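Worksheet: one structure, shown below.
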Amino acid sequence: MPSCFWSEGLRACGVSVQNPRDVLSSVFGFDSFRPGQEAIVQQVLKGNSALAVFPTGSGKSLCYQLPALMLDGLTIVISPLIALMKDQVDFLQAKGVKVARLDSSLSGEEARQVYSDVRSGALKLLYVAPERISNERFFAAIEGNAISLMVIDEAHCISEWGHNFRPEYLKLSIAAKALKVERVLALTATATPAVVEDIIREFEIKPEAYVNTGFHRPNLFLSFSPTPAAQRLQVLKKRLDELPAGPTVVYVTLQKAAETVAASLVADGYPAKAYHAGMKSEQRSEIQDWFMASADGIVVATIAFGMGIDKSDIRRVFHFNLPKTLENYSQEVGRAGRDGTESHCEVLGAADDLVVLENFVFGDTPTEEAIGEFVAFILSLEDEFDISMYHLSQQTDIRPLVLGTLLTYLELEGVIKFTAPFYSEYKFKYLRAKASVLGAFKGEPGEFLRSLLAQVDEKKTWSYLNLDTAAEALGADRNRIVKAFNHLEEVGMLEVGVTGLRQGMRMVSRPSPESVTLGLVEKVRRNEEGNLQRIGQVVDLLNHEGCKTQRLLAYFGEVLEQPCGHCSYCESGTVKAIEGIDRWLSEAEQSLVDRFLQERPIGFKSAREGARFLCGIASPKTSRMRGSKGPLFGALETAPFQAVMAALAD
């Protein structure tokens, strides 16, 4: 129904916009709602913000797609998953819904069309990444639009207690208020009680607008068979031969492992392909399309695969390595058996995976010296300032995501205030002759454009404009320049790109650097301990002598009164426990530590820095070194980080 994509259009097509069930049937082709969907839809239509905690594959997207068609304004969907955006945009466009996405994969022409549709009010739904919601150009484009609903997918990212905390999510409630959003719908498949509490508080969600349908999936058989790494491929192939064939996902931790395991399976005649974030996007898309169409395909993948993939007939999910957290495990097994048919989920990972998982955690923790340098730099700046996250990361040797978290902590502590992120420079090329562009505008707008383009540094193909310099030279409001470029791009006169992303900030208070540093050091240590505990919770699940499903559900606050009857413990009554790993260095490993202390290859200041280097954990500093890292970089890749750090500190 191509004309029925807003409430007036639905009426014209004879669909009652007062009854969600009519829209469900006429637009989506369903006779009834799945559990929890109707309750959430009703809350949203009443004007309430809401939280839906539904298992993977249980229909969260309909909870906003349907009310979006019934509400008069724009619905903005915030999701970190480009694959999910693309799939859902294609689905809705096939239904005649005017929908678009803004992400890094769009061409300049495609982005211009999206912005044009936003300004004209033609769109019903717009999908964007969380970073874009506070982007200067994006704000200028949607300014004045009525936003009836903001949807926050993967909402657990807002909570420090969650397994995938993302600092940009903390700003979404602020953005919602600034944009005068009428209501917010938060969605997640994995939320502990502490995470739920954070989301409810942040978005002022009423008790009756929180719906949790539970995590229990009776059609999934959960098996736990920890296997030493040397025997794991053999056991995996044995399982593939024994179990009924069907689409299969094998999750691994490292990209290299994805390639190695897939190659071994292919060599033995299995229809397998590797998938990981290190591949080009075109290659990943091809593999994804192949798997979606396959009746027996096997994808060996890192966690980059599966987010937003809607394939209902996945029959087998294997964890070749231990999952990072119980949240990850729950999401990943939740991709199996969405059609309700029995499916097999098995963990083959064992204790020898723990070093790699723990080292990922240690690699994100900055040194005290780096935190001190970061704090001193920030507190030395003027009351109004801006920074390049990339350059500050290089300067302090703190990973960008961690740096963003530290800055967010400073904002929450009342030290700084984020203003708008912006690009310091626009690059553009003329799609029409410059004289033609200038001639299209008369009077004061034409004079302004002529003065603006006089500030441009013109090169052979691209021209460059520093926004701050131009604004100061012209005595003009920066926002007017941004809107001018948006308009020129929209009408097809320029192809516009941006460069030099900077985050604007304002100093709110100037406490002592020592006190701020101590507070941040404590927070990052607490985060490190929390992430290590999450790995320990995975081990606890495998070692638990009782129903595994009961144990997993209890973690998410759900009570299963009786043993499930569909896990390996309920079937056998036995547990193959994971033993602890050796936390000591061998004589050979200690000799490498001694050699490092003698050579000091790049003059590391702290034991933590040195341990990262020896364990092969990249940081902004080591990434800059490229081929000059030397033979000691990664020489202790399989050694426990804490043992290496302790040896360096002696």
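The values are calculated or read from the model by the stated rules, or taken from the named source; none is laboratory data. Quantities reported herein were computed from a predicted structural model and do not represent experimental measurements. Because the Cβ atoms are built from the backbone with ideal geometry, glycine has one as well, and the counts that use them run over all protein chains shown.
Take residues that are under 30 Å from Gly214 (Cα atoms), at pLDDT 90 or above and touching a helix residue (DSSP H, G or I) at 6+ places or on another chain (Cβ under 9 Å) and tell me which of the helices (runs of 4 or more DSSP H) falling wholly in segment 551-620 contain 1 or more.
In segment 551-620, the matching helices (runs of 4 or more DSSP H) lie at 568-572.
Which members of segment 364-406 meet the condition of being among the hydroxyl-bearing types (Ser, Thr, Tyr) and without any contact (Cβ under 8 Å) to a residue 12 or more places away in the chain? Spell out the reasoning first.
Step one: filter segment 364-406 for residues among the hydroxyl-bearing types (Ser, Thr, Tyr), giving 365, 367, 380, 388, 390, 393, 396, 405.
Residue satisfying the conditions is Ser380 alone.
Which of (1) polar (S, T, N, Q); (2) in a loop (DSSP other than H, G, I, E, B); (3) exposed (fewer than 13 other Cβ atoms within 10 Å of the Cβ) does Ser436 not meet, given it meets every other one?
Tallying (1) polar (S, T, N, Q); (2) in a loop (DSSP other than H, G, I, E, B); (3) exposed (fewer than 13 other Cβ atoms within 10 Å of the Cβ), Ser436 fails exactly one: (2).
Out of the residues in segment 578-591 meeting the condition of being hydrophobic (A, V, I, L, M, F, W, C) and in contact (Cβ under 8 Å) with a residue 40 or more places away in the chain, tell me which one is farthest from Ala635 (Cα to Cα).
Ile578
Does segment 621-650 hold any residues that are farther than 19 Å from Val361 by Cα, modelled with pLDDT under 85 and outside any loop (DSSP other than H, G, I, E, B), and which are they?
Those that are farther than 19 Å from Val361 by Cα, modelled with pLDDT under 85 and outside any loop (DSSP other than H, G, I, E, B): Arg624, Met625, Arg626, Gly627, Ser628.
What are the residues in segment 115-159 that are of a type in the set (Asp, Glu) and either buried (at least 19 other Cβ atoms within 10 Å of the Cβ) or part of a helix (DSSP H, G or I) (or both), if any? Step through it out loud before you land on a result.
So in segment 115-159, the residues of a type in the set (Asp, Glu) come out as 117, 131, 136, 143, 153-154.
Those that are of a type in the set (Asp, Glu) and either buried (at least 19 other Cβ atoms within 10 Å of the Cβ) or part of a helix (DSSP H, G or I) (or both): Asp117, Glu131, Glu136, Asp153, Glu154.
Listed here are the residues, each with its yes/no results for (1) over 20 Å from Ser58 (Cα atoms); (2) surrounded by fewer than 18 Cβ atoms within 10 Å (Cβ to Cβ); (3) at pLDDT below 95; (4) outside the structural domain of Glu154 (by TED's automatic domain parsing).
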site: His276; (1), (2), (3), (4): yes, no, yes, yes
site: Ser281; (1), (2), (3), (4): yes, yes, yes, yes
site: Ser285; (1), (2), (3), (4): yes, yes, yes, yes
site: Asp289; (1), (2), (3), (4): yes, yes, yes, yes
site: Gly297; (1), (2), (3), (4): yes, no, no, yes
site: Val300; (1), (2), (3), (4): yes, no, no, yes
site: Ser312; (1), (2), (3), (4): no, yes, yes, yes
site: Arg315; (1), (2), (3), (4): no, no, no, yes
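Here are some residues: Asn531, Asn486, Asn527. Which one is under 30 Å from Ser424 (Cα atoms), buried (at least 16 other Cβ atoms within 10 Å of the Cβ) and in contact (Cβ under 8 Å) with a residue 24 or more places away in the chain?
When all the criteria are applied, what remains is Asn486.
Would you confirm, using the coordinates I've provided, whether Lys256 is over 22 Å from Glu558 (Cα atoms), under 26 Å from the mean Cα position of the chain (by Cα) and free of Cβ contacts under 8 Å to residues at least 12 places away in the same chain? Before the answer, list the steps.
Details: over 22 Å from Glu558 (Cα atoms): yes; under 26 Å from the mean Cα position of the chain (by Cα): yes; free of Cβ contacts under 8 Å to residues at least 12 places away in the same chain: yes.
For Lys256, the condition - over 22 Å from Glu558 (Cα atoms), under 26 Å from the mean Cα position of the chain (by Cα) and free of Cβ contacts under 8 Å to residues at least 12 places away in the same chain - is met.
Among the residues of segment 341-384, how many are within 30 Å of Pro228 (Cβ to Cβ), part of a loop (DSSP other than H, G, I, E, B) and over 24 Å from the mean Cα position of the chain (by Cα)? I'd like the intermediate steps shown before the answer.
Let us first name the residues in segment 341-384 that are within 30 Å of Pro228 (Cβ to Cβ), namely 342-365.
In the following step, the residues that additionally are part of a loop (DSSP other than H, G, I, E, B) were identified as 342, 348-350, 365.
Keeping just the survivors that are over 24 Å from the mean Cα position of the chain (by Cα) gives 342, 348-350.
Of the residues in that region, 4 qualify.
Starting from residues that are polar (S, T, N, Q) and within 17 Å of Ala129 (Cβ to Cβ), keep the ones in segment 72-106 and report whichever is modelled with the highest pLDDT.
Looking at the filtered set, the residue picked out is Thr75.
Output the residues belonging to segment 186-202 that are acidic (Asp, Glu) and either without any contact (Cβ under 8 Å) to a residue 12 or more places away in the chain or touching a Cys at 6+ places or on another chain (Cβ under 7 Å) (or both).
The first filter runs over segment 186-202 and keeps only residues acidic (Asp, Glu), leaving 197-198, 202.
Matches in segment 186-202: Glu197 only.
Looking only at segment 545-555, which residues are surrounded by 17 or more Cβ atoms within 10 Å (Cβ to Cβ), more than 24 Å from Phe360 (Cα to Cα) and touching a residue at least 24 places away in the same chain (Cβ under 8 Å)?
Lys548, Thr549, Leu553
With the requirement that a residue be of a type in the set (Lys, Arg) and either in the same structural domain as Thr188 (by TED's automatic domain parsing) or under 27 Å from Phe54 (Cβ atoms) (or both), what does segment 204-253 give you? Spell out how you get there, then give the answer.
Restricting attention to segment 204-253, the residues satisfying the condition of being of a type in the set (Lys, Arg) are 206, 217, 232, 237-239.
Result: Lys206, Arg217.
Report, by residue number, each residue of segment 477-520 that is among the charged types (D, E, K, R), in contact with an Asp or Glu (Cβ under 8 Å, 6 or more places away or on another chain) and over 18 Å from Phe138 (Cα atoms).
Step one: filter segment 477-520 for residues among the charged types (D, E, K, R), giving 477-478, 480, 483, 489-490, 495, 502, 506, 510, 514.
Still in the running and in contact with an Asp or Glu (Cβ under 8 Å, 6 or more places away or on another chain): 478, 489, 495, 502, 506.
Across segment 477-520, the qualifying residue is only Arg506.
Residue check: is Thr469 surrounded by fewer than 14 Cβ atoms within 10 Å (Cβ to Cβ), closer than 11 Å to Glu425 by Cα and touching a residue at least 40 places away in the same chain (Cβ under 8 Å)?
No: the conditions fail for Thr469.
Residue check: is Asp103 within 22 Å of Glu154 (Cα to Cα), of a type outside the set (Phe, Trp, Tyr) and in the same structural domain as Tyr169 (by TED's automatic domain parsing)?
yes
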